[in-house]
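First up is the structure itself, then whatever we jot down about it.
Every number in this text was worked out from the coordinates using simple rules, so none of it is lab data. As the structure is a computational prediction, the values presented were derived from the model and not from experiment. Don't worry about glycine lacking a Cβ; one is built from the backbone with ideal geometry, like all the others, and counts go over all protein chains shown.
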Amino acid sequence: MSFASLGLHQDILNQVNTLGYITPTPIQLAAIPVVLMGKDVMAGAQTGTGKTAAFALPLLQRVKHNKSTNSVEGVQVLVLTPTRELAQQVHASFVKYGQGMSIHSVVAYGGASINVQLDALQQGCDVLVATPGRLLELIMKKLINVSALQTLVLDEADRMLDMGFIIDIQRILKNLPQTRQTLFFSATFNDDIFALSKTLLKEPQLIEVDSRNTTATQVEQRIYAVDKKRKSALLSFLIGSKNWQQVLIFTRTKQGADELANEMQKDGIATQSFHGDKSQGARERVLTDFKAGKVRALIATDVAARGIDIEQLQYVINHELPYNAEDYIHRIGRTGRAGTKGLAISLVTEAERYLLTDIEKLVGEQFLPQWLPGFEPDLTKTLEAPKKREPSKKELRAKALGLSASSKKKPKRKY
Ligand code: AMP
């Protein structure tokens, strides 16, 4: 199947051609015709499947048509994303796919000057990509008019709920036209996601390109059993000995990311941490350096890593397993993107085994942890017989006096 068979106009097809996309990905094949028909969509698709183009291409086509007929004024498409990085990435895709079509895409997110975003909005805005908090601010302050909205896209809806955006989303929805098309994308599904989707979608077309809650198929998953104190040495060893140049590493906490980055720097590996305590500017610089190959290892927390899109990212390492098993799917979805092969390694201590069990249940797959020679876990601790309890002072005194120190009271005789 080609892009031409999906009902896209020639100018969009030319753009796709310029970008070198030859065949549509499965989500594009399934979603583009449905979006063009104006229907609601509920799609299970993780990052890296080409889902952005799956909604951006048909929506750009509609916006272009509306503009040529002067039938709609103001914001026509609103894309909500959980993080600013993802917002920037989706906005960049709209700009890329819509080049030469005189379609204005604007991005708005918190933690950056609202004035700059307002200036951009005043130049005209057909497509707005925003994070929920900043969008709500714009709506409440009446700085934006969304009354002509045609399509709402919720991108990475599961992550938005994880990040606690539900109240913001509900408030935003109250301000949007009731008659609209809604496209709902989520990498994972649970009861909360279904509950939200029910309030938003009208007779949606359900599209699933990967079976629900499964990990990217192009990604080889490897588990190394290792002791906690040897994890960073194992990491440096892997990256150094295999000469890996671009590795994304996950930790559970911001502090953990900083500490690990320091240790790996000491091992001579150009490493930077990437998390929410860093300013937007600092995060952008780190990401640019990582993409340019100046930074070899990027250590990120789950939330911050959400918007990282690097086409050729081959290696993802879980320094710690996530508490939330669904985050595992998001993490390893950072590699093996757009059909390329990827390797996802998880370093797992004995104490983290229960987290691995949760992941195995979610993805319906059992993993066989391996030992890396030189980094084998010290099993003497786990196999050691429990130490004998030291006798208490009371017991020692009782022993010296030839008495029993048992505190158990003798049962009363029953007559
Ligand atoms: P996404 O899942 O939207 O984040 O897309 C992942 C990557 O795949 C992006 O870097 C896109 O540029 C790329 N991509 C999207 N569609 C195609 C396609 N049909 N062929 C090749 N690459 C694509």
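Here are the numbers for the structure shown:
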read-out	value
Rough spin-label spacing in nm, given labels placed 7 Å along Cα→Cβ, for Thr179 and Asp192	3.4 nm
Rough spin-label spacing in nm, given labels placed 7 Å along Cα→Cβ, for Arg222 and Leu143	4.8 nm
Radius 11 Å from Cβ of Lys228, net charge of other residues (Lys, Arg +1; Asp, Glu -1)	-2
Local net charge near Gln76, Cβ-Cβ under 15 Å (Lys/Arg +1, Asp/Glu -1)	+2
Cubic angstrom per residue, convex hull over Cα atoms of the range 219-363	101 Å³
Most mobile of Leu368, Leu138, Leu13 in a GNM of the chain (Cα contacts under 10 Å)	Leu368
Segments 40-46, 371-377, 126-132 sorted - mean Cβ within 10 Å per residue, highest first	126-132, 40-46, 371-377
Hull volume in cubic angstrom per residue (convex hull over the Cα atoms of the chain)	230 Å³
At R0 = 30 Å, FRET efficiency that the Cβ-Cβ distance of Ile22 and Val95 yields, to 0.05	0.85
Over 32 Å between alpha carbons, listed pairs Lys228/Lys341; Lys294/Lys361; Lys96/Lys361; Lys198/Lys231; Lys141/Lys202; Lys198/Lys291	Lys294/Lys361; Lys96/Lys361; Lys198/Lys231; Lys198/Lys291
Top of Leu238, Leu80, Leu321 by mean-square fluctuation, Gaussian network on the chain, Cα under 10 Å	Leu238
